[in-house]
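Notes follow the structure.
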Amino acid sequence: MRTRFALPGCILVLAACTGDDPSVVAGGSDAGGTSGDGGLTADGGTPDGPPPVGVNGTHVLDITPKTAVVLLDTAKAPAAPATQPYLAKLDGADVTATTAFTVADPGYGSFSGVSFVSALTLPGLAVAGTTRVDATNAAAKATTRLSVIALKTSGADPDPYVILPYLGTPTSKTAIVKLAPNLGAPANVADIHLTLTSDPSNASDASLLVTSIAAMSAGEVAHGCPAQTAKDTNADGVLDIFTAVVSATPLCFLVTFKDNNLVAATSSIRVLQLIATAVAQPAAASVQSRKAYVFVPPTP
């Protein structure tokens, strides 16, 4: 397996080396701030207020899920909004039907009954952000965090991403990176492998979360990648380079991540970027690149 990671001088899945503020500013920073030059997440979504379980006198209102993360699919036209239903219990009894739910920042969406429905874009055209869900029943109140990710998640060319909770168990630890490198003339042929480097704007080195990069020689139908010969260059049991690739052939690489014990959670979802680059051999020339994302959900 050939896995190449670069360590930028100033360091998911997926910012400006100014610290680890929980806000992620659009444009690529996971180092906080209230403004940026085009960002990943809107600063206005940083939640405030009480913890997820609200107490009013002797009454306790509990809402679930807590710290939900939902996906807004931007591959569709119009975009397909993310939805998330909520449940509420007052002193242990189900009061969902009589509980009023609201979103602290309406830029993220609104509630239709007991279900959150996201906006079609996030504030500041962010890739991800976190807001607050408030619930009220009689005099009892509760609140929790809600994060929305806006990416292309359907079709033949979805954005590669992974969600890695800090010190938690991820639902999935793999992402598929699709590239179709242009080798110049249509008849040109080269061997192609993939490198992943952490974007210099990340506050943490996202490449340290990567375990392996495998060439999917059998192809991947959903992504439109045909079967393509590949080989294992270092005898570790993982095919790491496609061989004799014709220019513009779609190639799929399977990236496997480790459990996240590196990037701590904050009060807002964290977004780290990886730069996925197709490298042609034997010239070692970079022939195409795209972004992949690592998301770290916020603390409860």
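Identify all residues within the stretch 88-132 that are among the basic types (Lys, Arg) and within 18 Å of residue 150 (Cα to Cα); write none if there are none. Quick ask: steps written out before the conclusion?
Of all residues in the stretch 88-132, those among the basic types (Lys, Arg) come to 89, 132.
The answer is 132, and nothing else.
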Query raised in the report: If you go through the stretch 126-138 one residue at a time, do you hit one that is small (Gly, Ala, Ser) and either over 30 Å from residue 209 (Cβ atoms) or not assigned by TED's automatic domain parsing to the domain that holds residue 70 (or both)?
Result: yes
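Name the residue, out of 88, 135, 77, 142, that is modelled with pLDDT under 95 and either part of a strand (DSSP E or B) or more than 25 Å from residue 265 (Cα to Cα) (or both).
Details: 88 fails: modelled with pLDDT under 95; 135 fails: modelled with pLDDT under 95; 142 fails: modelled with pLDDT under 95.
None of the other options fit; the residue is 77.
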Query raised in the report: Somewhere in the stretch 121-131, is a residue outside any helix (DSSP H, G or I) and touching a Lys or Arg at 6+ places or on another chain (Cβ under 8 Å)?
Result: yes
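Residues of the stretch 157-200 being within 17 Å of the chain's Cα centre (by Cα) and assigned to a strand (DSSP E or B), which ones?
So in the stretch 157-200, the residues within 17 Å of the chain's Cα centre (by Cα) come out as 157-178, 196-199.
Across the stretch 157-200, the qualifying residues are 161, 162, 163, 166, 174, 175, 176, 177, 178, 196, 197, 198.
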Report task. Search the stretch 72-86 for residues that are more than 16 Å from residue 159 (Cα to Cα) and pair each with any residue that is part of a loop (DSSP other than H, G, I, E, B) and of a type in the set (Gly, Ala, Ser) when their beta-carbon atoms are under 9 Å apart and the residues are at least 6 apart or on different chains. Result -> 81/119; 85/113
**Report entry** All positions within the stretch 214-231 that are surrounded by 19 or more Cβ atoms within 10 Å (Cβ to Cβ) and more than 19 Å from residue 157 (Cα to Cα)
**Finding:** 230
Report task. Taking only the stretch 154-203 into account, find how many residues are buried (at least 21 other Cβ atoms within 10 Å of the Cβ) and small (Gly, Ala, Ser). Result -> 5
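With respect to residue 278, is the statement that it is over 30 Å from residue 130 (Cβ atoms) and either among the aromatic types (Phe, Trp, Tyr) or assigned to a strand (DSSP E or B) (or both) true?
Details: over 30 Å from residue 130 (Cβ atoms): yes; either among the aromatic types (Phe, Trp, Tyr) or assigned to a strand (DSSP E or B) (or both): yes.
Taking the combined requirement at face value, the residue satisfies it.
Return a yes/no flag: does the stretch 232-246 have any residue that is closer than 22 Å to residue 128 by Cβ and surrounded by 15 or more Cβ atoms within 10 Å (Cβ to Cβ). Show your work before the answer.
Narrowing the stretch 232-246 to residues closer than 22 Å to residue 128 by Cβ: none.
No.
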Report task. Filter the stretch 59-79 for residues that are surrounded by 15 or more Cβ atoms within 10 Å (Cβ to Cβ) and in contact with a Lys or Arg (Cβ under 9 Å, 6 or more places away or on another chain) and give the result. Result -> 60, 61, 62, 63, 66, 67, 68, 73, 74, 75
Report summary line: When the stretch 270-300 is checked residue by residue, the ones that are surrounded by 24 or more Cβ atoms within 10 Å (Cβ to Cβ) and either among the polar types (S, T, N, Q) or out of contact with any Leu (no Cβ under 9 Å at 6 or more places or on another chain) (or both) are 273
Query - Enumeration of residues in the stretch 237-252 that are assigned to a strand (DSSP E or B), among the hydrophobic types (A, V, I, L, M, F, W, C) and either more than 12 Å from residue 219 (Cβ to Cβ) or not assigned by TED's automatic domain parsing to the domain that holds residue 184 (or both) - result: 241, 244, 245, 246
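The values are calculated or read from the model by the stated rules, or taken from the named source; none is laboratory data. Here the structure is a predicted model, which means the values were calculated and not measured. For neighbour counting, all protein chains shown are included, and Cβ atoms are generated from backbone atoms with ideal geometry for every residue, glycine included.
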